[in-house]
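Visitor: Handing you a structure now.
The values are calculated or read from the model by the stated rules, or taken from the named source; none is laboratory data. Here the structure is a predicted model, which means the values were calculated and not measured. Cβ atoms come from the backbone with ideal geometry, glycine included; neighbour counts cover every protein chain shown. In case anyone asks, the SASA skips ligands and DNA or RNA and just uses the protein heavy atoms, side chains included. Shrake-Rupley method; radii C 1.70, N 1.55, O 1.52, S 1.80 Å.
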Amino acid sequence: MKTRPLLISPSILAADFSKLGEEVIAADKGGADWIHIDVMDGHFVPNITFGAPVMQSIRKCTTKLFDVHLMISPADPYLAQFAAAGADLITVHAEAGPHLDRSLQAIRSLGKKVGVALNPATPVSVLEHVIDRLDLILIMTVNPGFGGQSFIPAMLEKIRQAKALVAGRNIDIEVDGGVTADNAGTIVKAGANVLVAGSSIFKGADYAANIKAIRVAATAMSV
Ligand code: DX5
Ligand code: ZN
């Protein structure tokens, strides 16, 4: 089976919001493959970040793929707005509404890549009947809402289960929450190929070195 490329997607949740555009440019120049954009509504998760207008304002700062993680419920009424504001990949939570299949069709019909995120307690089996609609599965390795939390080790088995469900299809497996250079190797070995990282990239001043450390650790273990 062909190995999928390893991609690093820095989460701007951990960036300095007072200079968000510069932070996105620095992450891009530092070697980010994608830019991870965490949208929170204070309802689905206990925190509020920003919406489509803020995302649109940083669209001009990079040509890298905008990896938009919607932690909002309902999501459907906002999909077109995020698509128009420059999202490339839109990920909704399986727990965010009763009609996941409809949400996935809506994202596809907007011409965007389609992702589903799973909270730590949600089994991979919820994806069995929508798997052929997906470009990406996002395994949350913390409970969503905040940056800087610790990786939940029980999620490694879930990554393996997601990999088994994907069964060679053209679907990325992304991991989000508590990713560092110390655990990146183990995460990739379990089957993930897209690593989101917030605090471990936007710490200190040298984002390039932080991204490289994760990439080197992950590459050493990639299968
Ligand atoms: C958490 C967000 C994550 C967050 C990760 O709800 O979805 O993307 O930014 O932050 P770290 O890497 O600090 O755990
Ligand atoms: Zn996220």
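Visitor: Please give, to one decimal in nm, the separation of the simple spin-label points placed at ALA154 and LYS64, each 7 Å out from Cα toward the Cβ.
Guide: It is 3.3 nm.
Visitor: For the chain, what is the mean residue ellipticity at 222 nm derived from helices alone (per DSSP H run of n ≥ 4: -39500 (n - 2.57); sum divided by total residues; nearest 500 deg cm²/dmol)?
Guide: Counting only the DSSP helices, I get -9000 deg cm²/dmol.
Visitor: Residues with amide H under 5 Å of ALA117's amide H, sequence separation 5 or more or different chain, H placed in the peptide plane at 1.01 Å from N; which?
Guide: Long-range HN contacts for ALA117: VAL92, HIS93, ALA94, LEU138.
Visitor: From the P(r) of the chain, could you give the percentage of C-alpha pairs in the tail past 28 Å?
Guide: 21
Visitor: Assuming 0.890 mPa s and 25 °C, estimate D for region 53-182 with Stokes-Einstein, Rh taken as the Kirkwood radius over Cα pairs, in µm²/s.
Guide: 162
Visitor: Can you tell me the length gained on complete extension of the stretch HIS43 to ALA164, counting 0.36 nm per residue apart and subtracting the Cα distance?
Guide: That works out to 40.3 nm of additional length.
Visitor: How much length would be gained if the chain were fully extended between ILE25 and ARG102, taking 0.36 nm per residue of separation minus their Cα-Cα distance, in nm to one decimal?
Guide: Result for the pair: 24.2 nm of gain on full extension.
Visitor: With a 1.4 Å probe and every protein chain left in place, work out the accessible area per residue of region 100-223 in Å², rounded to a whole number.
Guide: For region 100-223, the per-residue accessible area is 43 Å².
Visitor: At 1.4 Å probe size, with the rest of the protein present, what percent of the exposed accessible area of the chain is carbon and sulfur atoms?
Guide: Summing carbon and sulfur atoms, their accessible area is 55 percent of the total for the chain.
Visitor: Tell me, rounded to the nearest percent, the portion of alpha carbon pairs in region 63-113 spaced more than 17 Å apart.
Guide: 24
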